[in-house]
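The values are calculated or read from the model by the stated rules, or taken from the named source; none is laboratory data. Fair warning: this is a prediction, and the values are worked out from it, not measured in the lab. A quick note on method: Cβ atoms are made from the backbone with ideal geometry, for glycine too, and the neighbour counts reach across all protein chains shown. Ligands, DNA and RNA are excluded from the accessible area calculation, which covers all protein heavy atoms including side chains. Shrake-Rupley method; radii C 1.70, N 1.55, O 1.52, S 1.80 Å.
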Amino acid sequence: MAKLTPTTKKKLRARSRLVHLGRDGEASRGFINIPPFRGSTVLYPDYATLKSRKQRYTYGTHGTPTSDALCEAWAAISGAAGAVLVPSGLSAIIVALTTALSSGDHLLVTDAAYQPARIYCNTILKRMGVETTYYDPAIGAGIEALLRDNTRAVFVEAPGSQSLDMQDVPAIAAAAKSRGACVIMDNTWATPLFFSPHEHGVDLAVEAGTKYLSGHSDILLGLVTANADWFERLHRTVDLLAIPPGPEDVFLALRGLRTMELRLREAERQALALALWLKGRPEVLRVLHPALEDYVGHAIWRRDFRGSSGLFSVVLKPAPEPAVAAMLDSLELFGLGYSWAGFESLVIPFDCSTYRTATRWAPGGPCLRFSVGLEDIEDLKEDLDRGFARLSAAAG
Ligand SMILES: Cc1ncc(COP(=O)(O)O)c(C=O)c1O
């Protein structure tokens, strides 16, 4: 394999890093890709090595050459001190929260957070004695007023993965830090390629590797990165929990890493084109996409982000539910399903009013979230044309 000197390694741009980092010629015996390592037991060559506790691989729950390779590469592109892997994006959120919180602590969570994360806060964290307060995602530096003496963590997600609410992460992080609270971010939408969490004050950054890292909707994976202040605590927590992802999934994620930038750039290009087209449709009230100039969070996005991904939402003009159902059922290319960032375009209906508590969600019409895949954009438009015709016919 290519032999990177430490100086070159440091200087590589993101795209080259994705190709060259996390490679271990020795572990893969010269083959380009490191294979999945399966197993529980790792043998020691002798008694002295076992007693020394210095052997890198000791047991299946504590890492393999494949997971190390992915962690090294992901930490590098995230600008982090280190990364850990877990079996899903939701478990990554849970590990980050568990790293930062103890009984008696107070937690602040954006009202636009991924809904299952809220459920974890409202059930298990509550039972463990952690109190959660939800806040308006647009709060910015105003979060100061919500910080209590026992606020130990502030959770941000920018933009929110349904409502696309932007957040002023640096302002929130500065206020949280001034009071010693840990800043946790779900950075799945942008990935570290489009938003550098740790440069913007985030301590623990979560990525659902299920999405763009995989890109093929065939694995579940979570990653958490930490800055130097938090990495040791994060590593200790995940080691104690002993929840490694499956070896095959780690292998596939490492493989996905090599082409992630290309897929993400294409998703960005396709989603922007579709968002602009949807903006001109008579059935659409509003398009929620941070890269659109008239979007409410656009200035923050432009200031802090390097790109936009393939996930955005629209608010339709008021229409009865059966008409929206007829539209969705008539689509042939857009699949109806959860998750996102795969090669196939997806759509789901959503309604944040069913779970938001700190802010009122009244968008003015039914909402649809699109994950734009790699199909030809003209075919996608034709599919939606068909869908809108059904919507209008059914709405009468
Ligand atoms: C923003 C966001 N974070 C986390 C997750 C959870 O990822 P996973 O499906 O791997 O648990 C999702 C899944 O849809 C998501 O959209």
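Remarks
- Cα centroid separation - segment 342-372 against segment 196-231, whole Å: 23 Å
- Gain upon complete extension [Thr61, Arg281; 0.36 nm per residue less C-alpha separation]: 74.0 nm
- Helix axis angle, 247-279 relative to the chain longest principal axis, alpha carbon, degrees: 20 degrees
- Only Cα pairs under 8 Å and 6+ residues apart enter the sum, and on that basis the relative contact order of segment 90-191 stands at 31 percent.
- Once you reduce segment 6-56 and segment 109-175 to the center of their Cα atoms, the two points are 36 Å from each other.
- When the P(r) is computed for the chain, the part past 29 Å accounts for 45% of the Cα-Cα pairs.
- Projected label distance in nm at Glu131 and Glu266, using a 7 Å step from Cα toward the beta-carbon: 5.1 nm
- Solvent exposure of segment 276-316 amounts to 43 Å² per residue of accessible area, where only protein heavy atoms count and the probe is 1.4 Å.
- Based on C-alpha pairs under 8 angstrom that are at least 6 apart in sequence, segment 160-300 has a relative contact order of 22 percent.
- Lysine pair count for the chain [Cα-Cα under 24 Å; pairs on different chains or 8 or more apart]: 6
- Working from label points 7 Å from Cα in the Cα-to-Cβ sense, the Arg255 to Arg233 distance is 3.8 nm.
- The portion of the accessible surface of the chain made up by carbon and sulfur, rounded to a whole percent, is 54 (1.4 Å probe; DNA, RNA and ligands excluded).
- Proximal charge balance of Asp304 [Cβ under 11 Å; K/R count +1, D/E count -1]: +1
- FRET E, pair Arg29, Leu240, Förster distance 45 Å, beta-carbon r, rounded to 0.05: 0.85
- When both bridge partners sit in the chain, DSSP labels roughly 55% of those beta bridges antiparallel.
- Top of Ala48, Ala113, Ala138 by mean-square fluctuation, Gaussian network on the chain, Cα under 10 Å: Ala48
- Rounded FRET efficiency, nearest 0.05, which uses the C-beta distance separating Glu199 from Tyr47 and R0 of 41 Å: 0.30
- Residue ranges 355-361, 6-12, 344-350 sort as 344-350, 355-361, 6-12 when ordered by packing (mean number of other C-beta atoms within 10 Å per residue, highest first).
- Computed lengthening from Glu321 to Asp218, 0.36 nm per intervening residue step minus Cα-Cα distance: 34.0 nm
- Label-to-label distance for Asp385 and Asn150 is 6.1 nm, based on points extended 7 Å past Cα in the beta-carbon direction.
- The mean sequence separation of alpha-carbon pairs under 8 Å and at least six residues apart, normalised by the residue count of the chain, gives a relative contact order of 16 percent.
- In sequence order, calculated HN-Hα J values of segment 84-98 (Karplus, 6.51, -1.76, 1.60; Hz; x Gly/Pro): 10, 10, 9, x, 7, x, 5, 5, 5, 4, 5, 5, 5, 5, 5
- Paramagnetic reach from Phe343 in segment 351-385 [backbone N under 18 Å; point 7 Å along Cα→Cβ]: 371-380
- The angle between the Cα long axis of helix 321-330 and the longest principal axis of the Cα atoms of the chain comes to about 60 degrees, rounded to the nearest 10.
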